[in-house]
1. Filter the trypsin sites (Lys or Arg not before Pro) in the range B:183-273 down to the DSSP loop ones having no more than 14 other Cβ atoms within 10 Å, then list what survives.
2. Would you mind giving the three semi-axes, in whole Å and largest first, of the ellipsoid equivalent to the protein assembly as shown according to its Cα gyration tensor?
3. Relative to the first principal axis of the alpha-carbon coordinates of chain A, what is the inclination of helix A:208-229, with its axis defined by its Cα atoms, in degrees from 0 to 90 and to the nearest 10?
4. With angles folded into 0 to 90 degrees, how steeply does helix A:27-40 sit against the dominant principal axis of chain A? Use alpha carbons for both and round to 10.
5. Expressed in nm to one decimal, what extension gain is obtained for the pair A:LEU137 and A:ARG230 from 0.36 nm per residue of sequence separation less their Cα-Cα distance?
6. Ordering A:THR338, A:THR333 from largest to smallest accessible area (1.4 angstrom probe), what's the sequence?
7. Go ahead and collect, in residue order, the members of the range A:102-136 whose backbone nitrogen is under 20 Å from a label point 7 Å along the Cα-Cβ direction of A:SER51.
8. Tell me, what ³J(HN,Hα) does each residue in the range A:242-252 have, in order and in whole Hz, if you take phi through Karplus 6.51 cos²θ - 1.76 cosθ + 1.60 with θ = phi - 60° and put x for Gly and Pro?
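The values are calculated or read from the model by the stated rules, or taken from the named source; none is laboratory data. Since we're looking at a predicted model, the values are computed, not measured. Positions of Cβ are generated from backbone atoms using ideal geometry, with glycine treated the same way; all protein chains shown enter the neighbour counts. Surface areas here come from the heavy atoms of the whole protein model, side chains and all, with no ligands, DNA or RNA. Shrake-Rupley method; radii C 1.70, N 1.55, O 1.52, S 1.80 Å.
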Amino acid sequence: MLERVESLDRKGTFGRFGGRFVAETLVPALEELERAVAEVLPSQTFRRELSELFDNYVGRPTPLFEARRFARSVDPDGASIQTLWLKREDLCHTGAHKINNALGQVLLAKAMGKTRIIAETGAGQHGVATATAAALLGLPCDVYQGEVDMQRQAPNVARMELLGARVRPVRTGSRTLVDAMNEAMRDWVTNVRTTYYCVGSAAGPHPYPTLVATLQRVIGDEARAQCLARGTLPDVVVACVGGGSNAIGMWKAFLDDADVKLVGVEAAGRGLDTNEHAATIHRGRVGVLHGAKTYVLCDEFGQIVPTHSISAGLDYPGVGPEHAALRDSNRATYMAVTDDEALSAAHDMARTEGIIVALESAHALGAVAEIARRDALARGRPVRIAVCLSGRGDKDLSTLASHGRC
Amino acid sequence: MDRCFADLERAGKKALCVYLCVGDPSLDESVALALAALDAGADMLELGVPFSDPTADGPVLAQASRRAIASGSTIERVVDAARDIRRQTNAPLVLFTYYNPVFVVGEARVASLAKDAGIDAMLVVDLPPEEASGLRNACAARGMGLLPLVTPTSDAARMEAILRLSVAPFGAPRGFVYAVSMTGVTGSSAADVAAMGRSAETIRAMFGMPVLVGFGIDGGESARGAAGPRGAGPDGVVVGTAVARRIEQGVSQDERVRLVRTFVQELRQALDA
């Protein structure tokens, strides 16, 4: 899986996106990381260790589950959906795909001789995953989280603290993920010699988008093999997109399958026509945020604008640069699902399949009916869809309850 | 700018560069504050474009940025303020910014606006030289410099890379090297003054340009410490956060102007002592 560390021989660009736009202090640290990614990741020792952890600690491979009742609830006559598979990343240890990346990066940090881990988190899943990896590998860990997110994701704050991490509340700006990322970067600039910054999404300066995608690729590799074991590839592979790590991880394995359509689902919040959404690819412009050139939600003067999503994990004004390139090349297409549609999908999934999904994943599920309808129309037959169910929804119970969905 | 440094060298003086986040608390007042700082002894100004997500800045300048954005400050308005300042002074003016405002408004457009307003050089804090060729050329074509930054994490190989990549096309003025005194954000404290002096001399020899040290200078004593003795160490200092703190403290424009003026005088006296 890690033999193919892509794009490291370049400037970390994906078409006109990506690159490395950081304070000069951080450039040597990113160069050091780039060397470590190229040397350590493909090494047998690292691969063996990570693979062993994936199998016996994370619980990989995660199942591919056929969600028949949910499929019928969104497509009662079966005109659009032949098969709906869920790649069950919610069954990973800590409850989300984030652990794949966090374990890989903390293991890499250890190999690099770093003595402290920092991370930023929105929904808390990446924070929990990083705190878990740091506990397992014996490194101290500080996690930055916006105050608003700490309130709406209280169970994850408790988890991180139980795991021994220090959760550092961020009280600036919108007090959400974007501010937590700013604060983590400030910490990193200050402590760059000893500290490893475990970035949570396939975003940020080179080599992070490549590193995260390489570590998350395990999702798609497994899903593809599991689909083939059932006799066929899916027609469409769907995943939610905030920064976009679960989507990139799921899609990497299918990029060369020209007939497999890739669809990302962004957070439309209270609607794409309002200012309260986090649909960067739909409404963003090309800009530079947190170290990479990509689509960002900013005004005509280059100021980043506030975002909104009911899902803390999608509430981010940027997107990984590879997504920006996939959109430009039309290899992937993107849709947007509102808060209400995501809440409905989460409710339906719980009632039809007994799976309580994270609100991030609920966005992907909220788009399934429309994606299936369009693709079935194009192909002239009901289609096979694989959805990355990126995380479980325990953390979102209070949000679901407050919207009358429990 | 080159002439300003030559004059300072002849006079045996260290340069004092004051950073102002333009638009904090208002654009008009920034012009008044800039002129007061120059009148009180600053040799040059860094005019800061506020940015919503200033990851290289500590809480004081981040807050100043927020106030400036709230007051309607944009890169174009900062340039307008620079034009007002230029009408009243010959002091070197540096446009200090994060990259996104430049990229979104357009590199060529920003370079043209800046040149027309009388700005001498630009400094973009999150634009490593590898990514800077477009803006560097746009600046050079208009006779402006794009100032290089070096930091304590820049080892010899990295400094060579910065130097190689920072060479502007023929004819562009050269300006100075901004030496960040520590690994940290603006407004952090406790820089290693002795190490800074040594590294400034290495940097000057390597780049063949004056070196100004910034980050962590909060008063006369630290300015004097950072600048080092005459004829040695860096060519001057940049002070930003400590100025923003004075602006934050003042309750009226008169008081803010007075606080900044008094503070800059203190810095000047310390540097000249």
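1. Those that pass, being in a loop and sparsely packed, are B:ARG230.
2. Calculated on Cα positions only, the semi-axes equal 48, 25, 22 Å.
3. Around 30 degrees separate the two axes.
4. Taking Cα atoms only, the helix is inclined about 70 degrees.
5. 29.8 nm
6. A:THR333, A:THR338
7. A:102-109, A:111
8. Using θ = phi - 60°, the values come out as x, x, x, 6, 6, 5, 4, x, 6, 7, 3 Hz.
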